[in-house]
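The values are calculated or read from the model by the stated rules, or taken from the named source; none is laboratory data. Just so we're clear, the structure is a prediction, and the values are computed from it rather than from any experiment. All Cβ positions, even for glycine, are placed from backbone atoms using ideal geometry, and neighbour counts span all protein chains on display.
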Amino acid sequence: MQQRPGIEPPPGCPAHANLPLYGPHFGSDPDGHYAHLRSLGPSAPVDIAPGVEVELVTSYDAALYILQNPASFVRDSRRWNALNEGRVPEDSPALPMLAYRPNALFSDGAAHARLRQAVTDSLASVNELQLVRQTQASADYLISRFSSERMGQAELMAEYAQPLPLLVFSELFGCPPEIGDRVVAGITGIFSGSNGADQLLAEALSELIAQKRRNPGEDLTTRLMQHSAQLTDEEVLHQLVTLLSGGTTPLSAVIGTASALILGEEWQSGLPVEDAVTQVLWNYAPIANYAAHYPTHDVELGHRVIKANDPVLISFAAANTDPRLAEHREQLSAKAHLAFGAGPHACPAKDPAFVIAVTAVESLLNRLPDIETRMPFKDLSWIPAPWSRSLVALPVRFTPRIVVPTAAQKAESPVTSSASPVAATPRPPVNGAPKPKTGLFSRFLAWTRGE
C-alpha cells in the first residue's frame, strides 16, 4: 500500500497493513490519516481497534448515499460477519461501541420507526426557553465552582464542558437528587472505564422509571413512558441510555472546542457563538467515526466491493472536510454538515443539542468576560480515539469573581420545576457507615436553592 508522507504503518506492521485509526499517531494527526485514506477512494479498510477491520467512508457523497439508503445499508450489528465468526477479540474496545443494543440506533424498519417516533415526539415537547434556562443554571453552578479560584485558572474540559451536559440531561429526565447523582456517576464511569459503571447507571435509571410509573412528571422519562408506542420499561431504559451516551460526550466536545475557537487568537471578534458551534460541527465533528452500517448484499464503493454484513463506518470528520466539498461549501446550508448524521437515523436531538452548546459557551463568556486560553489553539491536544474528536484539556485564566444563583434560578429550582416531588427512597448506611457524600447533581440542586 502506498503511504502518504507522514503516515506510516505502525512499528512491526507490514507495509500493506490497514491504517490503524487509534493510538497517539492517529490522535496527533487525524486529518493526515483521512487525506491518505481519500487517496485510496471513497472508502478504504482500516483497523478501528486492534484486530477489528471495518470499511471507513471518507467521501461526503458516499457517506450521504449510505446514510440515506436504508434498503441496502442497515444498522443491526447482529449481522456483523467477523463478530459472528469469532474474529473480534472479546475484550475489544470496539465492542461497547458497535455491539447490538435494543434501541433506535441499532434498529431498522418498523422496529426503528416505532422507537424513534417515541424519542422524537418526547424531545419535541422540550420547551426551548426552559432548556436555555436549565443550561444557564447548570453553567452558572459549574462556573461558580472555579470562578473564585485565587489564581484565576481552570481546566474547562473537566470542570465545565464534560459535567454540564450531564446536569442538563439529569434535569430533563426528571431525576430526583439521589438518582441524578447515580446517573451522573454511572455515565461518567462508563466513559472512563470504571468497573460496575454500567450496572450503576442501569440500576439508577430502572429506579427512575419505577418512580415515574408511580408518580409521572413533566419530563422526558414520563413522556417516553406515556407515548402511544407503548414502550416497555426495558425499552425506555435503553432509549434513555442512548440519549445520555449519544448526547453528553459529543456535546462536551462541541462546548470545549467552540470555547477554544472563540478564545483563540484567530477568531474574528464580534462573530456570534452560533458561528463557532457551526464551525465545530463542520471541521471538528464531535462524533468522528461511527454509524456502522451493514450491507444487505455485496455492494461496490468506488472500485472496492464490500461484502454483505461487513461493517461500513461513516467518517463524519473526513466527509465534512472532503476537499471535493470545499468548492461549493459556501453555497450549502450551514446545516448541510453530517455531524448529526442524515437519513432515517439522523440525530433526533440535534436542535436541543445546538441550543445547549450555544447557551453553554455564551454563559461562559458572559460570566467570565476576560477569560482567555493559556495556550494557542494549535497546541491543544486531542483525545487519540477513533470515535470522537474532543480536546484532552482546555486550560484557561480569568479574573477571579464570585458567581451566585440568580433570583430566577432560585425560583425555578429543578426540584420543583422538573423533578418528581416524591424523593427517591434513601439508601440506609451499611453496617453503621456514615452517610455518603452527595453527588454533583444534588450539590447543583442545593446551589440553585441558595443552600
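Key figures for this structure:
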read-out: The range 100-123: number of residues that are modelled with pLDDT of 95 or more and either among the charged types (D, E, K, R) or surrounded by fewer than 17 Cβ atoms within 10 Å (Cβ to Cβ) (or both); value: 10
read-out: Residue match in the range 237-251 (condition: of a type in the set (S, T, N, Q), in contact with a strand residue (DSSP E or B) (Cβ under 9 Å, 6 or more places away or on another chain) and within 25 Å of W382 (Cβ to Cβ)); value: yes
read-out: Condition met for G27 (over 21 Å from the mean Cα position of the chain (by Cα) and either modelled with pLDDT of 95 or more or not in a strand (DSSP E or B) (or both)); value: no
read-out: Wholly enclosed helices (runs of 4 or more DSSP H) of the range 167-243 bearing at least 1 residues at pLDDT below 95; value: 177-192, 197-214
read-out: Selection within the range 152-187 - without any contact (Cβ under 8 Å) to a residue 24 or more places away in the chain and surrounded by fewer than 22 Cβ atoms within 10 Å (Cβ to Cβ); value: E159
read-out: Condition broken by G270, with the remaining ones in (1) at positive phi; (2) of a type in the set (G, A, S); (3) crowded, with 22+ Cβ neighbours inside 10 Å satisfied; value: (3)
read-out: Test: residue in the range 322-334 that is surrounded by 15 or more Cβ atoms within 10 Å (Cβ to Cβ), at pLDDT below 95 and assigned to a helix (DSSP H, G or I); value: yes
read-out: Scan of the range 125-138 for residues that are of a type in the set (G, A, S) and either on the phi > 0 side of the Ramachandran plot or at pLDDT below 95 (or both), ordered by number; value: S125
read-out: Test for L131: is it under 30 Å from D370 (Cβ atoms), hydrophobic (A, V, I, L, M, F, W, C), touching a residue at least 12 places away in the same chain (Cβ under 8 Å) and buried (at least 23 other Cβ atoms within 10 Å of the Cβ); value: no
read-out: Qualifying residue in the range 310-319 (condition: among the aromatic types (F, W, Y), crowded, with 21+ Cβ neighbours inside 10 Å and touching a helix residue (DSSP H, G or I) at 6+ places or on another chain (Cβ under 6 Å)); value: no
